[in-house]
Amino acid sequence: MASIILLTLMSLNLIELMPYQATADPTDGFTSLPLGSSNFIIHKPYDVSVSDRYSFQNGIHKLWVYSTDKPFKSDSDTKPRTEVRIQGYDYTSGVWQFEGYAYVPSGTTGVSIMQVFGGTSAATTMMLRVYNGALSYYRTPIVQNIYNRWFRVNVIHDVGIPKVKVYIDGSLVHQANGNGASSHYFKFGVYTQDSPSNFMESRWRGIKVLRK
């Protein structure tokens, strides 16, 4: 009987249906900051030219490196990398966000593709790595099957709590504690980690830096 009454009221427009509530976007409440070419600093093997490891065409940053490459400085003992270091938005407090669309071709493994640099007990607060087709928070897998497709990456770093949240394609997939209130900045590209492939590549577009 109750269902019959409800249907009757609905047919007479006496009950207003609740509108569909979309899932909140991770950028809601944030302000996007201006970015230009001067904000993108390329870190690449010191003995090759930028064009040997990086290109920017049709809005897409393409970065690649070999496991046998030199470090980015002649006096550095770090592993090979080709990364964009975002300059001009270093921070020590507040709530900051990185957004970008990433593409990793099959075969690339053992590599960091994005990081929040700076921490008190380690060099980084967060790394997104790729191992055999899985996207990982350091060594913890968080998303499977990321090869050969574009996926949206949003990383929110709340320094004061401290907390880091990772969203992939708009969904929260991981959150973890931060790593101290050192100076921080965002990087993306390819940075060799453990058990790497000989050739590593990532592509990025739609890069944004946002803050509250």
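Identify all lysines with a Cα-Cα distance to residue 208 below 25 Å; exclude those on the same chain that are fewer than 8 residues away in sequence.
Cα-Cα hits under 25 Å: 44, 62, 163, 165, 187.
Please identify, among 159, 95, 48, the residue showing maximal mean-square fluctuation in a Gaussian network model of the chain using a 10 angstrom Cα cutoff.
Of 159, 95, 48, the Gaussian network model singles out 48 as fluctuating most.
With N residues in segment 137-212, what two-decimal value do you get for its Cα radius of gyration over 2.2 N^0.38 Å?
On the way: Rg = 13.8 Å, N = 76, 2.2 N^0.38 = 11.4 Å.
Expressed relative to 2.2 N^0.38 Å, the Cα Rg reads 1.21.
For the chain, modelled as a GNM with alpha-carbon contacts under 10 angstrom, which of 89, 103, 137 fluctuates the most?
It is 89.
Grab the Cα-Cα distance for residue 92 and residue 208, subtract it from 0.36 nm times how many residues apart they are, and report the gain in nm with one decimal.
On the way: separation 116, 0.36 × 116 = 41.76 nm, distance 1.86 nm.
Contour length minus the Cα-Cα distance gives 39.9 nm.
Quick check: with the 1.4 Å probe, what order do 81, 149 take by accessible area, largest first? Mind dumping the intermediate values first?
On the way: 81 15, 149 75 Å².
The residues order as 149, 81, largest area first.
Quick one: 3J(HN,Hα) in Hz for segment 113-120, Karplus 6.51/-1.76/1.60 with θ = phi - 60°, rounded, Gly and Pro as x.
So the Karplus estimates, Gly and Pro as x, are 10, 7, 8, 9, 7, x, x, 8 Hz.
Pull up all non-local amide H partners of residue 193: gap of 5 or more, or a different chain, and H-to-H distance under 5 Å with H placed in the peptide plane.
Correct list: 111, 112.
Quick one: with all protein chains in place, what share of the accessible area of segment 64-127 is carbon or sulfur, to the nearest percent (1.4 Å probe)?
Working: 1150 of 2410 Å².
Carbon and sulfur: 48 percent of the exposed surface of segment 64-127.
Here are a few candidate values for semi-axes √(5λ) of the Cα gyration tensor in Å: (1) 32, 21, 16; (2) 28, 21, 14; (3) 39, 20, 17. Which one was actually calculated from the structure I just gave you?
(3)
Want the number for residue 122 to residue 55: 0.36 nm per residue separation, take away the alpha-carbon distance, what's left?
Numbers: separation 67, 0.36 × 67 = 24.12 nm, distance 3.03 nm.
That pair, residue 122 and residue 55, stretches by 21.1 nm at full extension.
Residue by residue through segment 72-84, what is 3J(HN,Hα) from phi via Karplus (6.51 cos²θ - 1.76 cosθ + 1.60, θ = phi - 60°)? Round to whole Hz and write x for glycine and proline.
Using θ = phi - 60°, the values come out as 7, 9, 5, 9, 9, 9, 7, 7, x, 8, 9, 9, 9 Hz.
Quick one: 3J(HN,Hα) in Hz for segment 164-180, Karplus 6.51/-1.76/1.60 with θ = phi - 60°, rounded, Gly and Pro as x.
Values per residue, Gly and Pro as x: 10, 10, 10, 10, 10, 6, x, 10, 5, 10, 6, 9, 8, 5, x, 9, x Hz.
If you average 1/r over every pair of different alpha-carbon atoms in segment 14-123 and take one over that average, what Kirkwood value in Å do you get?
On the way: mean 1/r = 0.0576 Å⁻¹.
Final number for the Kirkwood radius of segment 14-123 is 17.4 Å.
If I fit a long axis through the Cα atoms of helix 2-11 and take the longest principal axis of the Cα atoms of the chain, what angle between them do I get, 0 to 90°, rounded to 10?
It works out to around 80 degrees.
Given a 1.4 angstrom probe, what's the average accessible area per residue across segment 79-212, in square angstrom? Walk me through the numbers before you get to the answer.
Values: 4880 Å² over 134 residues.
Result: 36 Å² per residue.
Provide Rg and Dmax in Å for segment 71-196, with only Cα atoms included in the calculation.
14.0, 41
Summing -39500 (n - 2.57) over the DSSP H runs of n ≥ 4 in the chain and dividing by its residue number, what mean residue ellipticity at 222 nm do you reach, to the nearest 500 deg cm²/dmol?
Working: 1 runs with 10 residues, N = 212.
After summing the helix terms and dividing by the residues of the chain, the value is -1500 deg cm²/dmol.
The values are calculated or read from the model by the stated rules, or taken from the named source; none is laboratory data. Predicted, not measured: the structure shown is a model, and the values here were computed from it. SASA here: full protein model, heavy atoms, side chains in, ligands and nucleic acids out. Shrake-Rupley method; radii C 1.70, N 1.55, O 1.52, S 1.80 Å.
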